[in-house]
1. Do any GluC sites (Glu not before Pro) in the range D:1-69 lie in a DSSP loop with no more than 15 other beta carbon atoms within 10 Å, and if so, which?
2. Just from its helices, what would the mean residue ellipticity at 222 nm be for chain A, if runs of 4 or more DSSP H residues each count -39500 (n - 2.57) and the sum is divided by every residue, rounded to the nearest 500 deg cm²/dmol?
3. For the protein assembly as shown, what is the largest minus smallest coordinate of the Cα atoms on each principal axis, given in angstrom and ordered from greatest to least?
4. Quick one: Karplus J couplings for the range B:83-95, per residue in order, coefficients 6.51, -1.76, 1.60, θ = phi - 60°, nearest Hz, x for Gly and Pro?
5. For chain C, what is the per residue volume of the convex hull drawn over the alpha-carbon atoms, in cubic angstrom?
6. Relative contact order for the range D:26-143: what is it in percent, counting Cα pairs under 8 Å that are at least 6 residues apart?
7. Peptide D:88-98: average number of partner chain Cβ atoms within 10 Å per residue?
8. In nm, what does the list of distances from A:Ala153 to its counterparts in the other copies look like, shortest first, when each label sits 7 Å along Cα to Cβ?
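Bear in mind that the values in this text are calculations on the coordinates, not laboratory data. Note that the structure is predicted; figures quoted are calculated from it, not measured. Positions of Cβ are generated from backbone atoms using ideal geometry, with glycine treated the same way; all protein chains shown enter the neighbour counts.
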There are 4 protein chains.
Amino acid sequence: MGVVILNFKIYEEGSGKNAMKLAKIAEDVASRVDDYIGIAPPSIDLAEIINAVSIDVYAQHVDAVEFGSHTGRITAEMLREKGAKGSLINHSERRLKLADIDFLVSKFRELSLTSVVCTNNIATTAAAAALNPDYVAVEPPELIGSGIPVSKAEPETVENSVRAAKDVNSKVKVLCGAGISTHEDYVTALDLGAEGVLLASGVVKAKDPKKALEELVGLR
Amino acid sequence: MGVVILNFKIYEEGSGKNAMKLAKIAEDVASRVDDYIGIAPPSIDLAEIINAVSIDVYAQHVDAVEFGSHTGRITAEMLREKGAKGSLINHSERRLKLADIDFLVSKFRELSLTSVVCTNNIATTAAAAALNPDYVAVEPPELIGSGIPVSKAEPETVENSVRAAKDVNSKVKVLCGAGISTHEDYVTALDLGAEGVLLASGVVKAKDPKKALEELVGLR
Amino acid sequence: MGVVILNFKIYEEGSGKNAMKLAKIAEDVASRVDDYIGIAPPSIDLAEIINAVSIDVYAQHVDAVEFGSHTGRITAEMLREKGAKGSLINHSERRLKLADIDFLVSKFRELSLTSVVCTNNIATTAAAAALNPDYVAVEPPELIGSGIPVSKAEPETVENSVRAAKDVNSKVKVLCGAGISTHEDYVTALDLGAEGVLLASGVVKAKDPKKALEELVGLR
Amino acid sequence: MGVVILNFKIYEEGSGKNAMKLAKIAEDVASRVDDYIGIAPPSIDLAEIINAVSIDVYAQHVDAVEFGSHTGRITAEMLREKGAKGSLINHSERRLKLADIDFLVSKFRELSLTSVVCTNNIATTAAAAALNPDYVAVEPPELIGSGIPVSKAEPETVENSVRAAKDVNSKVKVLCGAGISTHEDYVTALDLGAEGVLLASGVVKAKDPKKALEELVGLR
């Protein structure tokens, strides 16, 4: 009954034709559960996937610029025109300057896009919460891609991040990420006060991504 | 009878629905001249435009990474799978590290993608030529978007860039950019030894982009 | 009776021999007032100035790395060994990633160095305060170097930044910057709840920096 | 009879008091050989070391900016005023944009500072040579700090880099780096056509740096 956001990163298994397949899998699984499932495919696949599936599609990154002379960038306005739901902001593999996170969170609010600001610990979660995004997704970098779930390895990081975020901003929702792959990881995250999880390799690089996603949300 | 590459940048006039319109205009004009016309729309519009037009479509930027844990990036392989012809590399608004330009030029050669490396003066044009890309596009930054054509303001920059590039690498083709908007600018560039032009605002932000592009290639 | 931190930037008037002169001026003025005056000269001048004056000397920037294979960087430990009091962090001309600001603030606390985190508006001031630095210095970027004092142009930015910072973290002290040059600007900043000011060109680029600094602290 | 440039990086063994010790060791060894020995200590130690030793002192990095509103930077002019001989430019741990390398090489020529541009392979060595620096130092990144000398692991990289550089610019001198620590590594580099070596950990992190440097230049 939580939130699951699936970051395809630019794994080969999550790019191009594989991205489309994975998006369809996520759509299918989402139709059979009460959990919210959103996906974040590569920017180059975004438009085609938005046109092909009915679930919410997020960008993995957006640039802190306006329309103009900025070759090779993507603005919030461009995401909205394509029909994206929102974007990850400040992912650990695409860290942003504080002023740029703030620029994007404000702009997203104005454009009714959903902001998911990634952070790396309790202090940065509190800081991000102060900017008033929709979600903060806390991911201890050392656990990303490790298969060791943050909800098990550092339950106190999750609990204290939720508390620190709510202390600063009672409306912000907290996701937890890094190492999440099983239903137990997910349920533990919810028990610790998170609204859900942000995950990637646990599903995208699974031998059978469909089975992995079904397992995550408790369908198996 | 030269090469025209049209960079849409992320001007509002060259994004989303406007990007598609502009792509169709370029395709139409290209069908009526012997000149080669390629376009470089925003990454988020790339896939839909490639599917919709028959002319060559370039990315504006590509990241110097392989498939993997790199949230929010675009690889050369992803461009190829979508059917892009190639990409601008190192545009003045998206400068890259020397090692990354080299990584991309090598990778493009391997994948049969066309590399268009942008530079800012004679010395960097020679340096870029040493990396063996398909094109080097020299654009004095102070003239970009100025409406003052490099082929008129600094004809010696164009001539000497062509000479410097060919001295280092006789196979490389040189484009010139910055301030190009009229047929005369274009013809002058060819006369100075360039293979063609890279331009943006002169067409994309023109009141009537179709007329501007027709004028550029001498249809009016 | 407030705090004045003077950023020399890398103005020619604040570099090399000029940096030393300016440091001596600041030391002299500091000896004649109750206000706290600290200075932030270029990194390359830091060690010699620390050895030459008795007032607190800050770095303008420090890198979010540990000792090791990081050619061309400066660590917090290196600042401490030289005897620096602390450093500006995230100046608008040297913006940092959120995770790196947090890294530095934590490290500074551990090493008993003073952290002065620069921000650009109310929201980022609150976010920075959540990281628990010693100071947050709010500087609306459009006013930096403008000669228009933030305390006059946007008194509500100062007041609300102080309030937002204290709401998140009652211990954090707020400086205000951008456009500050007169005693009135400084006093207004204190009246609005700030602990003091961060300034640069108003003194460093003044015709007579000594007179300008004396004027700022009310000696004229 | 070659050139040895010793990069202190920001190893703890090469910072602060240790940097001064290491500088004195390098000066002492230099006085006993015909080889040229230059050192590149951390920027924060630069001024004090320049004042204390008679050998050439290089910066590890310099920023591609002019004097002005650039908090936390170092300009070429600042290096010259302090008496630095020159700087490493584009070290693999501090890679620069192509346009910025060109800016710095030109500026250094104007100011009579010595430019040592680091590169990572044959192609980038040729590209850097086209910018007309004093030295290009080729260092395959995978060998840096490995203890496996490039002159042994990839002799053809050294030979072909020298050839490629000279083809583009007969005046440029080539150093080789990465994994260099013994006299044999150094002699082999000279035999392969390099003018000398750029090294770091092999001496800086040696148990006995003095012995290591003496060994390198054949004093033991």
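1. Hits after loop and neighbour filter: D:Glu66.
2. Counting only the DSSP helices, I get -12000 deg cm²/dmol.
3. 68, 64, 54
4. Once θ is set to phi - 60°, the couplings for the range B:83-95 become x, 5, 6, x, 7, 5, 9, 6, 4, 4, 8, 8, 5 Hz.
5. Taking the convex hull of the Cα positions in chain C, it is 108 Å³ per residue.
6. RCO, the range D:26-143: 18 percent.
7. Whole-number average of other-chain Cβ neighbours for D:88-98 is 6.
8. Reported distances to equivalent positions: 2.8, 4.6, 5.3 nm.
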